[in-house]
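Data first, discussion second: the structure below is written as structure tokens.
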Amino acid sequence: MAACPNSAANLFTAAKVSHLNLLPQGQAERYSRVEAMVDTMEEFFGSCTNHGECQEACPKEISIDFIALMNKDYLKAKFKNRKTLARS
Ligand code: SF4
């Protein structure tokens with residue numbers, strides 16, 4: 001995050017989301033979790049503009065591809081919630 005020009009925490013959060021999604025018991029809350037984590041992250045940190053500085057600085061060499069995966073799940077979560085709300 002220190003390397004990010006926007007002070008965004010997307011790479012860290014994306015790595016955490018992906019890790020939890022790998023766990024069998026993590027599937028049940030996959031979409032509610034990603035929505036909660038991204039919404040909280042965006043409340044306290046800057047926005048990601050895909051500079052890739054974080055990836056270069058990351059000692060674990062985590063790829064920014066994980067940010068794209070997180071964003072995909074986030075959009076799916078929003079869509080799922082919208083469908084649920086429409087039904088209720
Ligand atoms: S990709 Fe760029 S803007 Fe996004 S978190 Fe990494 S350094 Fe920040």
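What number comes out for accessible area per residue over the chain if the probe is 1.4 Å? Units Å², please.
On the way: 6100 Å² over 88 residues.
Result: 69 Å² of accessible area for each residue.
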Inverse mean reciprocal Cα-Cα distance (Kirkwood Rh) of region 34-78, Å: 11.5
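Hey, any idea what % of region 10-87's accessible area is carbon plus sulfur with a 1.4 Å probe? List each step's numbers first, then the result.
Values: 3160 of 5480 Å².
Exposed carbon and sulfur together represent 58 percent of the surface.
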Rough spin-label spacing in nm, given labels placed 7 Å along Cα→Cβ, for Asn71 and Phe44: 2.3
Computed [θ] at 222 nm, deg cm²/dmol, the chain (DSSP H ≥ 4; -39,500 (n - 2.57); rounded to nearest 500): -20500 deg cm²/dmol
Qualifying aspartates and glutamates (Cα of each under 15 Å from Cα of Lys72; at least 8 residues distant if same chain): Glu35, Asp39
Using alpha-carbon coordinates, inclination of helix 65-87 to the longest axis of the chain, degrees: 20
Separation of the Thr84 and Gln27 label points, Cα + 7 Å toward Cβ, nm: 1.8
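Convex hull over the alpha-carbon atoms of the chain: what's its volume per residue in Å³? Could the numbers behind the result be given before it?
Details: hull volume 8.0 nm³, N = 88.
In the chain, the Cα hull volume divided by residue count equals 91 Å³.
The values are calculated or read from the model by the stated rules, or taken from the named source; none is laboratory data. Note that the structure is predicted; figures quoted are calculated from it, not measured. All Cβ positions, even for glycine, are placed from backbone atoms using ideal geometry, and neighbour counts span all protein chains on display. For accessibility, only protein heavy atoms count, side chains too; no ligands or nucleic acids. Shrake-Rupley method; radii C 1.70, N 1.55, O 1.52, S 1.80 Å.
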